[in-house]
1. Do the alpha carbons of any pairs in A:Lys279/B:Lys326; A:Lys315/A:Lys365; B:Lys144/B:Lys299 sit beyond 27 Å of each other, and which pairs?
2. With n ≥ 4 as the cut-off for DSSP H runs, can you work out [θ] at 222 nm for chain A, using -39500 (n - 2.57) per run divided by the number of residues, rounded to the nearest 500?
3. Distances over 26 Å make up what percent of all Cα-Cα pairs in region B:23-228?
4. Just to check, using Stokes-Einstein with a Kirkwood Rh over alpha carbon pairs, what's the diffusion coefficient of region A:240-395 at 4 °C and 1.567 mPa s in µm²/s?
5. Compute the label zone of A:Lys318 within region A:329-362: residues whose backbone N is under 16 Å from the point 7 Å along Cα-to-Cβ.
6. With a point put 7 Å past each Cα toward its Cβ, work out how far B:Asn2 is from A:Thr421 in nm, to one decimal.
7. Rounded to the nearest whole Å³, what is the per residue volume of the convex hull around the Cα atoms of region B:64-109?
8. Between B:Thr230 and B:Ser334, with labels modelled 7 Å along Cα→Cβ, what's the label distance in nm to one decimal, could you check?
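We did not get these values from a lab; they are worked out from the coordinates using the rules stated. These numbers were taken from a predicted model, which means no experiment stands behind them. Here Cβ is always computed from backbone atoms with ideal geometry, including for glycine, and neighbour counts include all displayed protein chains.
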Amino acid sequence: MKIYSKSLINFVVLEKIFQVINIFNVCCRITTLFMINFERFILSNGLRLLVHTDKSTPMAVVNVLYDVGAKDENPHKTGFAHLFEHLMFGGSINIPVYDEPLQQAGGENNAFTTNDFTNYFCQLPAENIETAFWLESDRMLSLAFSKKSLEVQRKVVCEEFKENYINKPYGDVWHKLRELAYSTHPYRWMTIGKELKHVEDASLEDVKGFFHKFYTPANAILVVAGNVDVVQVKLLAEKWFGPIPNGEKYERKLPVEPPQTAPRKLEVKADVPLDAIYKCWHIYPRLDDKYYTADLITDVLGGGASSRLFNALVKDKKLFSNINCYHLGSTDAGLLVIDGKLVKGVEMKIAEAAIDEEIMKLLEKGVSETELEKVKNKTESAMVFEDIGLANRASSIAIYELLGDASLVNTELDKYKAVTTASIAMVSKEIFNENNCSTLYYLSKTI
Amino acid sequence: MNRKSAPKITEAVNFTLNLKPYETLVLDNGVKVYAINEGPQDIIQIEIVFSAGNWFENKNGIAGATNFMLKNGTTQKTALQINEAFEYYGTFCSRHCYNETATLSLHTLTKYLHHLLPVMQELISDSVFPENELELFKQNSLQKLTVNLRNAEFVAGRLIDSYVYGENHPYGIYTRPDTLEQLTVEELKLFYNQYYLNGEAVLFVSGNLPEKIFELLNNNFGKLSLKPATFHYPAKVATPSIVKKYRIENDKTSVQGAIRLAQPFPNRHHPDFKKVMLLNCLFGGFFGSRLMSNIREDKGFTYGIYSYIQNHLQQSAWLISTEAGKDVCEATISEVYKEMKALTQKHVGKDELLLVKNYMMGTILGDLNGPFQIMGRWKNIILNQLDETYFYDSVKAIKETTAEELMELSKKYLSPEQFYELVVY
């Protein structure tokens with residue numbers, strides 16, 4: 001169902017294996033059509049439990065989200081949250097292998113790490129749900145810290161790094177762009193890590209330290225969804241997760257990104273066939289009211305074949321062979337991005353001026369009511385389609401709980417509906433200020 | 001509480017699985033509609049499948065270009081107006097071209113359906129293929145191709161198919177810059193006229209269907225000069241490569257190799273097919289497979305390795321696919337062969353076999369959830385000209401296939417010398 005994602009890029013390192021699931025759009029939900037029911041509890045060790053029942057499916061999903069992402073890493077040991085995620089499958093204190101018992105119970109699982117959090121989920125026939133409680137609680141209790149697992153997974157992650165960020169044309173773009181746009185905030189690096197060496201150097205001591213610091217009940221959110229009974233789930237949660245010691249609650253103190261005060265530019269030459277441009281602007285934290293306006297602005301400019309940039313720059317002026325506008329959807333203030341590949345022979349300055357012209361048009365004339373209605377309809381539709389899958393609903397509840405309010409899963413569409421043409425005009429002016437902009441020219445060496 | 005022992009489970013292998021039956025309708029022009037009405041959400045998916053894949057083109061690229069350009073202009077609307085007509089309602093209208101078939105599909109909130117079907121109808125009955133749109137399509141496809149050709153995974157995928165089927169077979173042919181450049185509006189119009197306007201089609205609709213769905217579909221598609229799908233494809237002969245082993249340098253600076261191993265394999269009608277699906281799963285079809293356990297989880301040579309049977313209608317191939325570190329590509333291939341050999345020499349253990357069976361049954365159970373997934377299963381069955389017995393026999397094959405049978409199948413199909421072997425660096 002990946003076609004329904006709104007922000008479309010691989011900012012998320014999808015683990016532990018590369019099935020495509022829809023996790024890119026960590027934003028928004030639906031109010032009017034289909035309420036997602038849930039009940040919320042807190043265990044005495046601080047673990048939050050949310051239960052969503054859906055009796056129409058024979059399946060159950062157990063989703064465990066840990067409040068730790070790449071942004072919590074030591075700048076000299078980046079990529080660790082993601083490497084650690086791999087190690088979570090390398091055996092826990094009482095259970096030598098994670099996957100086999102789950103597969104034996106007819107289940108499957110996956111996990112992913114973002115800059116903000118790490119999420120694990122498994123889906124299995126509802127009658128076998130206790131197997132998931134057993135497996136997930138044991139690895140929250142303690143890992144086996146196997147040397148062999150660390151050695152193998154370091155190599156696996158290095159291959160993953162090579163496959164996606166070295167051995168692909170334009171693969172290193174986001175390493176460069178993040179470093180350009182963020183001077184201070186740990187969003188400066190990608191979840192895969194700054195460099196291979198950081199992953200290669202990870203030691204068992206690092207692994208243990210990371211586990212004890214972040215993988216505690218108070219730092220986790222457990223969502224159970226599907227054909228389950230709330231009372232039964234509560235009992236199972238108390239039985240399996242209740243005895244896990246509290247641990248210390250991690251208090252996050254991240255360096256704050258200072259406001260950008262001057263344009264930033266970087267030019268890179270690489271062995272790629274086409275010139276490309278990437279421009280990004282700082283936007284707003286995930287729960288800021290202006291976030292929703294910024295989200296809709298990206299749809300006006302770059303969402304689909306009726307969007308402004310595509311029609312002006314690909315279709316009419318024929319300067320780009322493709323152009324996109326999206327944002328990162330991160331918890332702390334993220335980036336709004338425009339990127340495109342230039343038609344061979346087009347000069348970078350001309351292509352960039354054409355992007356600027358579209359932005360000027362937006363600043364001067366704003367958007368029409370019809371155009372706003374269109375992007376709101378698209379948002380509503382995307383939300384409904386995303387909620388089809390049980391696993392998606394479970395991870396959405398977990399992510400909203402992490403943001404501070406699980407009920408946003410049912411109310412967030414109202415925030416989009418409240419966006420007006422006036423707020424678009426106001427927020428566009430704030431965002432599209434040249435001092436707030438970082439530009440990367442990614443030039444073809446072969447020209 | 002004993003955390004060392006697993007809670008009791010119900011073995012998924014004992015589940016009874018049911019595939020919800022479809023309903024059928026026949027439009028006035030004879031075109032058949034398969035429908036699954038289900039789901040709490042007010043959403044619908046409509047897919048029109050035309051017999052208009054690259055099987056029917058007489059020059060490479062025509063089928064794909066025609067399919068792509070369905071949304072690029074009618075006598076009434078420009079490309080922009082078409083896209084606005086869909087996107088205003090938050091609707092996704094997409095089109096795809098495959099080997100035998102090509103599709104036009106719609107995903108929308110059901111409440112908007114009546115606004116959208118007329119536009120969809122217009123694309124099928126009134127597309128004009130403007131010259132400037134084709135030029136733009138060519139230019140942008142060429143650019144995309146140039147980028148893709150730098151990517152070893154993309155190059156390896158094209159080459160392995162060409163070895164198995166030959167470059168002149170629809171399954172083995174691939175897009176080249178010169179064939180793209182030569183496409184003309186006249187060729188697209190001819191193809192459109194024959195394979196869309198007057199072509200063969202079948203419809204699949206699923207989701208929360210409105211009461212008047214038949215009337216809606218019949219009014220919009222029943223009067224068109226479409227014909228019911230016959231699923232008849234003129235025979236084409238594959239010309240597999242004689243040479244079996246290839247090592248290709250695509251990029252001097254690469255740090256990985258894209259490895260593809262393949263051998264021809266029959267289609268879903270073959271009596272071995274269903275049991276081989278079980279064997280494939282065990283061999284390389286899921287995270288707990290032999291290949292993944294050895295080559296990723298023990299050796300760390302790769303981020304992932306999979307084997308699969310290509311989902312082709314007429315003939316197929318069994319593939320193994322992975323990206324491995326440049327210095328361990330040859331070691332990876334020899335480990336794959338070791339795993340093949342092991343399956344031919346030693347019976348799969350009871351526990352492992354039960355695990356794979358439980359896993360597959362649990363996965364199918366989870367997969368049968370929701371209208372789109374159910375319809376996806378049916379579509380595959382129908383396009384392969386099978387019926388529900390295929391589904392139930394597949395389930396039976398998972399439940400009943402023995403270790404002895406798996407060894408026999410391994411001996412028959414998993415001999416290294418039968419495989420094409422390719423590494424693209």
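1. Working: A:Lys279/B:Lys326 34 Å; A:Lys315/A:Lys365 21 Å; B:Lys144/B:Lys299 35 Å.
From A:Lys279/B:Lys326; A:Lys315/A:Lys365; B:Lys144/B:Lys299, over 27 Å: A:Lys279/B:Lys326; B:Lys144/B:Lys299.
2. Numbers: 14 runs with 163 residues, N = 447.
Calculated from helices alone, the mean residue ellipticity at 222 nm is -11000 deg cm²/dmol.
3. Values: 7986 of 21115 pairs.
The proportion of pairs with Cα distances above 26 Å equals 38 percent.
4. So the translational diffusion coefficient is about 70 µm²/s.
5. A:342-347, A:351
6. Modelled inter-label distance: 7.2 nm.
7. Working: hull volume 3.1 nm³, N = 46.
Output value, Cα hull per residue: 68 Å³.
8. 5.4 nm
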